[in-house]
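This report refers to the structure that appears directly beneath it.
What follows is calculated from the coordinates using simple rules that are stated; it is not laboratory data. Since the structure is predicted, the reported quantities are computational estimates derived from the model, not experimental observations. All Cβ positions, even for glycine, are placed from backbone atoms using ideal geometry, and neighbour counts span all protein chains on display.
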Amino acid sequence: MSEVVVTALGIKRAKNTLPYAAQTVQGEDVSRLRSGNAFSALSGKVSGLQINQGNGLGGSTNIVIRGMKSITGNNQALFVVDGVPVDNSINNRTNQQTGRGGYDYGNAAADINPDDIENINVLKGAAATALYGSRAANGVIMITTKKAKKGLGIVVNSGLTINSIDKKTFPEYQKEYGAGYSDPYHVDGFYSYDVDGDGVKDLVVPTSQDASYGAKFNPNLMVYHWDAFDPASPYYKKPKPWVAAANDPSTFYITSLSNNQNVLFDGATDKGTYKLGYTRNEDRGVLPNSRLIKNMINFGATYNITSRLTASASVNYSHIDGRGRYGTGYSGRNVNQNFRQWYQTNVDIKEQKDAYFRNYKNVTWNWSDPSKPSGLVPIYTDNYYWTVYENYQNDNRSRVFGYASLDFKATDWLSFLGRISIDNYTELQEERVAVGSQGAASYTRFDRTFTEKNYDLMANIDKDLTKDLNFKGLLGINLRRTTERSSLATTSGGLVVPGLYSISNSKGTIPAPIETNQPIAVDGYFGGITLSYQDYLSLDATFRRDRSSTLPVSENAYNYYAISGSWLFSHHLPTVPWLSSGKIRLNYATVGNSAPWGSIYDVYDKPDPFGSSILFSLPDRKNNSELRPEETKSREIGLEMAFLKNRLGFDVTYYVTNTIDQIIPVSVSAATGYTAKWVNAGDVQNKGIELSVYATPVRTPNFSWTVNVNWTRNRNKVLKLYNDSRNLPLGAFQSGVSINATLGQPYGTIQGRTFVMKDGQRVVDTTGYYMVTSTTTNVIGNINPDWIGGVYNTFRYKNLSLGFLVDVRKGGNVWSLDQFYAQGTGLYKESAGLNDLGNPVRNSLQDGGGVIFEGVTEDGKPNTKRVVVDANSTQLPQAAYSYDASFVKLREANITYSLPATIFSKIKAIKGIDVSVFGRNLWIIHKNLPYSDPEENLSAGNMPQGMQSGAYPTTRSIGMNLRLKF
Amino acid sequence: MRKILYIAMPVLFLAACTKDISRFNKETKKPSAVPGAALFSNALKGLSDGLANASVNVNVFRFTVKHWAMAVYQDEAQYDFNTRGIPQAWWTRMYRDVLNDLKESARVISNDANLDAAVKQNQLAIIDIMQVYTFNILVNTFGNVPYKEALDPNNLFPVYDDAKTIYTDLLKRLAEDIGKLNTASASFAASEDVLYAGNVAQWIRFASYLQMKMGMMMADVDNAVAKAAVEAADAKAISAASQNALFKYLPTSPNTNPLYTDIVIGGRADYVAAEDLMNPLINLNDPRKSLYFGTNNAGNYAGGVVGRVNTYSDFSKPSAKISEPNAALVLGDYAETEFLRAEAKERGYTVAGTAEEHYNNAIKASILYWGGTEAEANAYLAQPAVAYATAAGGWKQKIGFQKWIALYNRPFDGWTELRRLDYPQLTPAVNAKSGFPNRFPYPGNEQQLNGTNYTAAAAIMGSDKVEFKLFWDKY
């Protein structure tokens, strides 16, 4: 009953009187899977929290609490470690986020060591977080690190994980037809050249055609494949049968082995405490030549200078070293662009592998023009092994964060805290395209430094005013200084010396690097009071006022208010035997927010000079010197009840938040001279219900079974946009699909062309194909799930425990560019096979092939026109490729066995040995998106949710871990 | 309590230091004031890059006019402009990247108190000429477009103006600009003016060429206006190849011709000659055949079919000449001006010379520009199918056909003249997604960002369809 939770600014509160929603997850629950990223492991474990993790190695995690609130701003929760905000930027470039290639560099919260986490407290609503200032409007993930215990403690973990792809999330290819775009080319769908020099023309696979709507496979037909033009190949100038590849693109993925080691020492005496931890996490991806190595050291100590004055300090150092992160989106650096969209089903991946490793050359199946030596270059696609071994990226990030503080207890009711905290990291990202690749060789480097300093001074009062009435007071100031500097440099026109990746190796004039320097200052003061009556009534009020450098001087200060109350009504019902506790909470809060850096004053861009001509340009976005602070208003009501000696309980919350007057760079008609302008506009409402239920159906000395259920239903609606605007595009994607904030719709509508409908039926035109709207603004989906939930079961029998998590998402949509293009290239299984007449669907109409699209003609009669299925078939509208994103996943499972003490009792030093076996993403029990993982996305952030382009398959991980306690 | 003060002091000190925190928000890596001429130079480059480009994301008119065909990917050749958002890219380039910088350039120059008044007048006139040039492109691409209310970031919902009204105003502005240009004074410095190195006399030639060209656009709808503009322009318009408006790209990246970047550096093998152009080049022994195109793998000249898959090895590719890194982009030239003069004569306007003389000059100028010889040009012209007197059809057909050939690598102008003169009569692309595009559809995001005005503009045409003929396109 007296459970204590840590709330905003490190204030400890009895859970029973907490007037707002907060849910705690133990560190053990997020470190158990040894994944190196504690936060993807939160999925399904906290109500109100939506985690979205793509399948890339070390990719970014989208962490949103209670729905997307800001139309274009940051919607990610704030991370606070032991009271210190830790930056969680997602710095993926816009092109990456809109699927135009690039790499997902992950988010910075991945630098937090999962093994140092004691627990994670998720503060969901603004009333709980208002004291943290504007960044906390999206909720706070508050991390308390492990605290040292008396004596010396040592914990060692050593784990090994095997990763492989889930083939249910990868295409199944048709095996009946090979290369081509439904064209006869020279002869029967083949090129015709004399390859072997006998003076007779030979059949050659149309290597430049990156589709599989070509000639029907025929094992008796000998043709010259791409390797007939590779002098190192055993098939040089030799034909091979015309058959489907034995090894399809799934062969490209490997089974990889990751490992994780960790040691943590801690100890405490009367004078103070210390802890020292080290973690090394080596993550190997399922693509060849991909890995991510993290080294993390953390040290923390407290020292009691006097009985009243305590000094504390904490230092965390992390170094992340990545190589071969997966290329994303529509780009030659992403092998899935081909595997899912542009491929020849006759190409054997293993043969491509052998070809590359024979002499490390770019021997592609996609020769530009095999009839002549100068045509033996890739027209569109490199050899995939060349892509991952030559055109790989690398990156590293070194980070230090920590604090130093002095805690002074002036009297038994008054204490002061002074603290300086620093978060500083430097990162380097290097990307390369080797000489010999399709397109210009290049080298790009991105250097970025981020620093945040917080200076805090707080006074705390905790005094019983009467026997029944307790008063807690808080008064403080916070100065925050952040600086972000970056430099993006790239070569132009190719590279001079092959294999040398430096800016100076540029063939063309070196473009000026793009530099940024973005300092921000926010000064705030705050105060709060808490009145508690007899431990069953409590009333909180907090106030904060911030002044931000990013707003116009006249408008740069803004206030936050929060008022919350709770009533432990079970206090009045002590005679009800089955009721263990019952509490009602109610709160209201407003949170202000400032503008992003550099949105007030207009400046010019400077394109690279044209010879001796200096160029300047107006930027694409118009700044605005009349911006005002934006505001989020939040209301919440909650009920917590526990029954049967706490064996059963629930916590349910209903909330409504409105984020109004948002500072957004609205897209504007380019006829204004700009394509965006900063304005105050908009109102986005999130309404939702969060429910957590826990139960212990069985509890005996030897056996127990507990269930935790979390369920979240968030309803999101755009209530207002700029002026009369009805729509605000957030991201435009290839093929004319966009993600938008649309008036009266949930945030994040997917828009594109759709079917023309008549009386609920799709209309077919006179050619026999579906009619398609000319407008691209039809809502064809939305990215928000109807609800999400997780069920976690734990069984314990003596020393053995078994836990598993089923993670569910219901509803919402995902749009697939992969499916959109694959229709035109005939890769997938359903593009071949038999039609309703039992004939091969790709046969000509005379030969009984083709299909009849279900629908009606313009005059309402059922369509009876049979049409051919080939590369020239009319494309279905984008609406056809918007899929239901629901899933049910066996997200994680683990079995832990704690060795009985009798086994190691002779070795006095050892206090415990745990052996565990665990798995992540073990089984997708249900999904509606074919050949892909509905959760896969391009990056975290607002734009890329709900979009798939060159999607990666799910990585399934199974591992084991040994934990020793000394 | 003293200790508390010790802790508090540094914090209070910091608070005191940062009274004016707005200084944090100052941009330290970008300028807040720049020379106006540099904005003008940038606009010229943005305009040229768009007109020169062959990327399927930027400029697809080479397929529309059937000079080129695509090897594999046929969407754009089949008039599918929306999948890659080409109208949006084109619109954005013209308004945001060209016109807005021109407008800003004029603003900065107007406010420059240190600039000589006569020089300022020349500079402002030149900037205005380029604005007219760019609006001319917008009108001829889309029809009604925002004009009066355009380029104002305080009006985010600009009204679309009637195309003909815009055109009339543009012609008026152009006449005034020509009047303001004063050869006695300097204008831009050579490095600022990539077209004419600040030569005001050349700018008068170019502006008059533009006046003649835009005047002629009106010929089928308002003959009096057309006649007046063409006659006023004749004497001053471009009358020699040395007066051509050329944006001369540079030999090194990143300032090479976009075709070089796309075809040579990009290594794409997408573009082949279209049979529609290749066949007459072959049949009429056109000396430009080998200057426009290379051969196929077998060493022959062959054109592919627009809208159909074309095996790359079998067809002629764009010539090495047009994809040289420093190949120039033509913004207006002698050949085109001479075709206009020939047409003017045929329309009965009072200009010097005869239609035949101008027709011959135009073709000869085109051949010479591309690197042919005088003798080759004469031989070409001597053929009955080319000679003005004996070539097939009426003047529209004769001029239209030859102008279409001469406007090679100027596909936007080629498309405009094809629509206006209606010759040569090309068949639609194979598997065309619509009828022949007489205009671009409005950008997809105008529906969302400027919906009310978009809807009104589309309603005038019935709907926002590509087959709708623009106001000057009577036939």
(message) Please list 3J(HN,Hα) in residue order for the range A:799-808, calculated via the Karplus relation 6.51 cos²θ - 1.76 cosθ + 1.60 where θ = phi - 60°; whole Hz, with x for glycine and proline.
(response) 8, 10, 10, 10, x, 8, 10, 9, 10, 10
(request) Could I have the simple spin-label model distance between residue A:422 and residue A:535, label points 7 Å from Cα toward Cβ, reported in nm to one decimal? (result) 4.4 nm
(request) Return the FRET efficiency for the residue pair residue B:295, residue A:93: r is the Cβ-Cβ distance, R0 is 60 Å, and the value is rounded to the nearest 0.05. (result) 0.90
(message) Quick one: 3J(HN,Hα) in Hz for the range A:376-386, Karplus 6.51/-1.76/1.60 with θ = phi - 60°, rounded, Gly and Pro as x.
(response) 8, 9, x, 7, 10, 10, 7, 4, 5, 6, 4
(message) If I take R0 = 51 Å and measure r between the Cβ atoms of residue A:237 and residue B:33 in this structure, what FRET efficiency does the formula 1/(1 + (r/R0)^6) give, to the nearest 0.05?
(response) 0.15
(message) So for chain A, averaging the separation of alpha carbon pairs under 8 Å that are six or more residues apart and normalising by length, what relative contact order in percent results?
(response) 13 percent
(request) Could you list A:195, A:435 in order of exposure, starting from the residue whose Cβ has the fewest other Cβ atoms within 10 Å? (result) A:435, A:195
(request) Find the centroid of the Cα atoms in the range A:662-676 and in the range B:312-339, then give the distance between the two in whole Å. (result) 36 Å
(request) Place a +1 charge on the Cβ of each Lys and Arg in the range A:829-962 and a -1 charge on the Cβ of each Asp and Glu, then give the dipole magnitude about the Cα centre in debye, rounded to the nearest 20. (result) 960 debye
(request) Name the residues whose placed amide hydrogens come within less than 5 Å of the amide hydrogen of residue A:758, ignoring near sequence neighbours (fewer than 5 apart) on the same chain. (result) A:763
(request) Would you pull out the residues with amide H under 5 Å of residue B:293's amide H, same chain only if 5 or more places away, H placed 1.01 Å from N? (result) B:319
(request) Let me know the charge dipole size of the protein assembly as shown about its Cα centre in debye, to the nearest 20, where only the beta-carbon of Lys, Arg (+1) and Asp, Glu (-1) is charged. (result) 4900 debye
(request) Be a star and scan the range A:269-308 for residues whose amide nitrogen sits under 19 Å from the point 7 Å along the Cα-to-Cβ vector of residue A:254. (result) A:281-294
(message) Using only Cα atoms and rounding to the nearest 10 degrees, what angle (0 to 90) does helix B:100-110 make with the longest principal axis of chain B?
(response) 70 degrees
(message) Let's see if you can work this out: charge +1 on each Lys and Arg Cβ, -1 on each Asp and Glu Cβ, no other charges. What is the dipole magnitude of the range B:191-239 about its Cα centre, in debye to the nearest 20?
(response) 100 debye
(request) Would you kindly calculate the mean projected area, averaged across all directions, of the convex hull enclosing the Cα atoms of chain A, in square nanometres? (result) 46.2 nm²
(message) Give me A:865, B:364 sorted ascending by neighbouring Cβ count inside 10 Å, so fewest comes first.
(response) A:865, B:364
(request) Be a star and scan the range A:318-341 for residues whose amide nitrogen sits under 20 Å from the point 7 Å along the Cα-to-Cβ vector of residue A:280. (result) A:318-324
(request) For residue B:302, enumerate residues with amide H under 5 Å from its amide H, sequence gap 5+ or separate chain, H modeled in the peptide plane. (result) B:296, B:316
(message) Full-extension gain between residue A:767 and residue A:504, please, as 0.36 nm times their residue separation minus the C-alpha to C-alpha distance.
(response) 89.0 nm
(request) Could you work out, for the range A:433-590, what percent of all Cα-Cα pairs fall into each 10 Å distance bin, beginning at 0 Å and stopping at the bin that holds the largest distance? (result) 9, 20, 17, 14, 13, 11, 9, 6, 0
(request) Determine the distance separating the Cα centre of the range B:78-156 from the Cα centre of the range B:441-463; give it in Å without decimals. (result) 20 Å
(request) Describe numerically, in nm with one decimal, the distance between label points set 7 Å from Cα along Cα→Cβ at residue A:516 and at residue B:184. (result) 5.3 nm
(message) Along the charge dipole of the range A:844-966, pointing to its positive end and built from +1/-1 on Cβ of Lys, Arg, Asp and Glu, which listed residue (A:881, A:856, A:939) has its Cα farthest out?
(response) A:939
(request) Extending each Cα 7 Å along its Cβ direction at residue B:397 and residue A:758, get the distance between those two points in nm, one decimal. (result) 4.2 nm
(message) Give the separation of the Cα centroids, the range A:741-795 to the range A:6-82, in Å.
(response) 30 Å
(message) Could you list A:936, B:343 so that the one with the fewest beta carbons within 10 Å of its beta carbon is first and the one with the most is last?
(response) A:936, B:343
(message) Taking 56 Å as R0, compute the FRET efficiency from the Cβ-Cβ separation of residue A:689 and residue B:422 and round it to 0.05.
(response) 0.30
(request) Enter the per residue convex hull volume of chain B, computed from alpha-carbon coordinates, in Å³ rounded to the nearest integer. (result) 187 Å³
(message) Less than 13 Å apart at the alpha-carbon level, and either on another chain or at least 8 residues along: which aspartates and glutamates does that give for residue A:687?
(response) A:636, A:786
(request) Round to the nearest 10 and give me the degree value, 0 to 90, for the angle of helix A:349-359's Cα axis relative to the longest principal axis of chain A. (result) 90 degrees
(message) Please compare each pair in B:30/B:213; A:622/B:148; A:361/A:606 to a cut-off of 31 Å on the Cα-Cα distance and tell me which ones are over it.
(response) B:30/B:213; A:361/A:606
(request) Using only alpha carbon positions, build the gyration tensor of the range A:473-516, then give the equivalent ellipsoid semi-axes as the square roots of 5 times its eigenvalues, largest first, whole angstrom. (result) 45, 10, 5
(request) Towards the positive end of the charge dipole of the range A:595-742, with charges on Cβ (+1 Lys, Arg; -1 Asp, Glu), say which of A:698, A:601, A:614 has the farthest Cα. (result) A:698
